[in-house]
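Encoded as structure tokens, the structure appears first; notes follow it.
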Amino acid sequence: MSKLFTPITVGNQTMENRIVIAPMCQYSAEDGRMTDWHTVHLGQLALSGAAVLTIEATAVVPEGRITYGDVGLWDDATEDAMARTLAAVRAVSDMPVAIQLAHAGRKASCALPWDGGKQIAPDQPNGWQTEGPSTSPYLSDENAPRALDEARMALLLEAFADAARRSVTLGIDAIQIHAAHGYLLHAFLSPLSNQRNDQYGGSLENRMRFPLEVFQAIKGAVPEGYPVTVRVSGEDWVKGGWDIDQTIRFALELEKLGCAAIHISSGGLHPDQDIPVGPGYQVPLARKVKEAVSMPVVAVGLITDFDHAEAVIATGDADMIALARGILYDPRWPWHAAAHLGATVRAAPQYLRCQPHRYRNLLQR
């Protein structure tokens, strides 16, 4: 029996299989509000047969967007727009929906990727002043971020909590906190970007403090047992940066606070990163974290082959695998994996007649 297609429980949610649709920015929002693009994009992924669909990085304040086209959840207008999209998605699918709550930190205020993606200066259209743990920019020629003082950090804690409350009101099934890829919380964690000399900088304990406070603020805003998970970069891939040993320490602290699962990515913090990219290149990081914690661990990164995905779960490297660009390319990847591995996947009744004769037991309602 395929291990990839066995159930797993995360917090109070039981998933039908081990396939996660990772959050993928679409850069298609208007003033933080979801549009028809998100309805079509999320709707078709909700018919894929995966275990859970994760809404893209969702900024908790306008300044926390990567680009001016990012989705937000900071007021009634952004909540109402997301409610309309979710209503359409739920009309055709009962797949659990998670959301990734985020703040882009010093990597915010950027142009859309297809327009070059460069950071926009705060005095230019669609640009704003970025903020971070310190005043060092991501690239040396970028506008320096404003170092957060404790008053602003307190406001951001409430913004994360408010977005969490809005997520619960929307009926979203789980929350993932974005602490990876060089964005605000990762920038606090890494000694390469955090040069503070107060209680939020210096030692590992201090650098973890604000990300852990964000986790606690969100946990305090959601019902008991509601799944709150975290996405982290397991390595900066730069000497002297955030590494897997520190990641394990952070994961253990999160587990003590009731983290429901941890998703292991890597990189994104420093332009000098030297990433050994290849199929499953981040899986060894996930395995090291899994050896140290009891909560479910999600592996991600160029896991595109069906047998490879099965092996990641079957050998105990991770508990779930996440798909991003791979499922954009093939939105029926879970169907095709199930066919290859002799498993079964749920499908919309309107699609049952498409079941190939050689995979007679592939689709079920």
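Miscellaneous remarks
- When we screen V89, V20 for residues that are in contact with a Gly (Cβ under 6 Å, 6 or more places away or on another chain), within 24 Å of M320 (Cβ to Cβ), hydrophobic (A, V, I, L, M, F, W, C) and touching a residue at least 12 places away in the same chain (Cβ under 8 Å), the only hit is V89.
- Within the range 129-153, restricting attention to residues that are among the hydroxyl-bearing types (S, T, Y) and modelled with pLDDT of 95 or more, the residue that is surrounded by the fewest Cβ atoms within 10 Å (Cβ to Cβ) is T135.
- Top-ranked residue in the range 1-54 [being among the small types (G, A, S) and in contact with a Leu (Cβ under 6 Å, 6 or more places away or on another chain); ranked as nearest to I175 (Cα to Cα)]: A46
- In the range 270-292, residue modelled with the highest pLDDT [restricted to those that are of a type in the set (G, A, S) and assigned to a loop (DSSP other than H, G, I, E, B)]: A292
- Segments classed as helices (runs of 4 or more DSSP H), wholly inside the range 154-269, with at least 2 members that are touching a helix residue (DSSP H, G or I) at 6+ places or on another chain (Cβ under 9 Å) and surrounded by fewer than 21 Cβ atoms within 10 Å (Cβ to Cβ): 204-219, 244-256
- Condition check for V298: in a helix (DSSP H, G or I) and either within 18 Å of the chain's Cα centre (by Cα) or at positive phi (or both): no
- All positions within the range 294-321 that are under 17 Å from A339 (Cα atoms) and among the hydroxyl-bearing types (S, T, Y): T304
- Of all the residues in the range 70-86, those that are buried (at least 22 other Cβ atoms within 10 Å of the Cβ) and part of a loop (DSSP other than H, G, I, E, B) number 3.
- Flag for I264 being of a type in the set (V, I, T), farther than 20 Å from M1 by Cα and either free of Cβ contacts under 8 Å to residues at least 60 places away in the same chain or in contact with a strand residue (DSSP E or B) (Cβ under 6 Å, 6 or more places away or on another chain) (or both): yes
- So A309, is it in a helix (DSSP H, G or I) and touching a strand residue (DSSP E or B) at 6+ places or on another chain (Cβ under 6 Å): yes
- Candidates in the range 2-43 are the residues that are over 30 Å from T67 (Cα atoms) and of a type in the set (A, V, I, L, M); of these, the one that is farthest from the chain's Cα centre (by Cα) is L4.
- Exactly one residue out of A50, A57 is surrounded by 24 or more Cβ atoms within 10 Å (Cβ to Cβ), outside any loop (DSSP other than H, G, I, E, B) and touching a Pro at 6+ places or on another chain (Cβ under 8 Å), and it is A57.
- Qualifying positions in the range 325-364 - without any contact (Cβ under 8 Å) to a residue 24 or more places away in the chain, in contact with a helix residue (DSSP H, G or I) (Cβ under 8 Å, 6 or more places away or on another chain) and in a loop (DSSP other than H, G, I, E, B): D330, P356
- Criterion violated by S28 - all others in (1) without any contact (Cβ under 8 Å) to a residue 60 or more places away in the chain; (2) in contact with a Cys (Cβ under 7 Å, 6 or more places away or on another chain) satisfied: (2)
The values are calculated or read from the model by the stated rules, or taken from the named source; none is laboratory data. Keep in mind the model is a prediction, meaning the values are calculated, not measured. Every residue, glycine as well, gets a Cβ built from its backbone with ideal geometry; the counts of neighbours run over all protein chains shown.
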